[in-house]
Amino acid sequence: MERVEAELFTDGDNDAVVRLPGRRFPGVLVQGDTLSILQADVAELVELCAAGDLEEARQVASLLQADLGAKLQRYTDALEAHGISRPF
């Protein structure tokens, strides 16, 4: 394990926006439990599509899109608050 000093652009809660040394742009720190939930949501979406349950798949996809959209908004807000252009 290597210890490094990182820049914190938001509070240290879930989905913290941080920049690691040597990186031009910050990233989003996703906690392990959150990553597991995202993976489970995508797996459920794949299963629903495979089963042909498109209505339920659409609902799951909509919730996933909203969750990821909120994370992206938090990221872009943090960049804007610190005068950093978006990398996309």
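Where a number appears in this text, it was derived from the coordinates with a stated rule and is not lab data. The structure presented is a predicted model; accordingly, all values stated were derived computationally and were not measured. Cβ: placed from backbone, ideal geometry, glycine included. Neighbour counts: every protein chain shown.
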How many residues of segment 27-45 are surrounded by 13 or more Cβ atoms within 10 Å (Cβ to Cβ) and either of a type in the set (Gly, Ala, Ser) or over 30 Å from Leu79 (Cβ atoms) (or both)? The answer is 2
Scan segment 1-15 residue by residue and report those that are in a strand (DSSP E or B) and of a type in the set (Asp, Glu).
Glu7
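In this structure, is Leu48 part of a helix (DSSP H, G or I), loosely packed, with under 13 Cβ neighbours inside 10 Å and touching a Leu at 6+ places or on another chain (Cβ under 9 Å)?
no
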Qualifying position, being part of a helix (DSSP H, G or I), in contact with a Leu (Cβ under 7 Å, 6 or more places away or on another chain) and not small (Gly, Ala, Ser), among Asp41, Asp77:
Asp41
Just one of Arg58, Arg19, Arg24, Arg74 is surrounded by 11 or more Cβ atoms within 10 Å (Cβ to Cβ), basic (Lys, Arg) and in contact (Cβ under 8 Å) with a residue 40 or more places away in the chain; which is it?
Arg74
Hits in segment 77-86 (condition: surrounded by 11 or more Cβ atoms within 10 Å (Cβ to Cβ) and either of a type in the set (Ser, Thr, Tyr) or under 15 Å from the mean Cα position of the chain (by Cα) (or both)):
Asp77, Ala78, Leu79
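Kindly provide the set of residues from segment 16-34 that are β-branched (Val, Ile, Thr), in contact with a helix residue (DSSP H, G or I) (Cβ under 8 Å, 6 or more places away or on another chain) and either in a strand (DSSP E or B) or closer than 14 Å to Phe88 by Cβ (or both), ordered by number.
Val17, Val28
Quick grid of which residues meet (1) closer than 18 Å to Ala16 by Cα; (2) out of contact with any His (no Cβ under 6 Å at 6 or more places or on another chain); (3) hydrophobic (A, V, I, L, M, F, W, C):
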position	(1), (2), (3)
Leu35	yes, yes, yes
Leu48	no, yes, yes
Ala51	no, yes, yes
Gln59	no, yes, no
Leu63	no, yes, yes
Lys71	yes, yes, no
Those residues of segment 61-71 which are under 17 Å from Asp11 (Cβ atoms) and surrounded by 15 or more Cβ atoms within 10 Å (Cβ to Cβ) amount to Lys71
Taking segment 51-80 and keeping residues in contact with a helix residue (DSSP H, G or I) (Cβ under 9 Å, 6 or more places away or on another chain) and among the small types (Gly, Ala, Ser) leaves Ala51, Ala57, Ala61
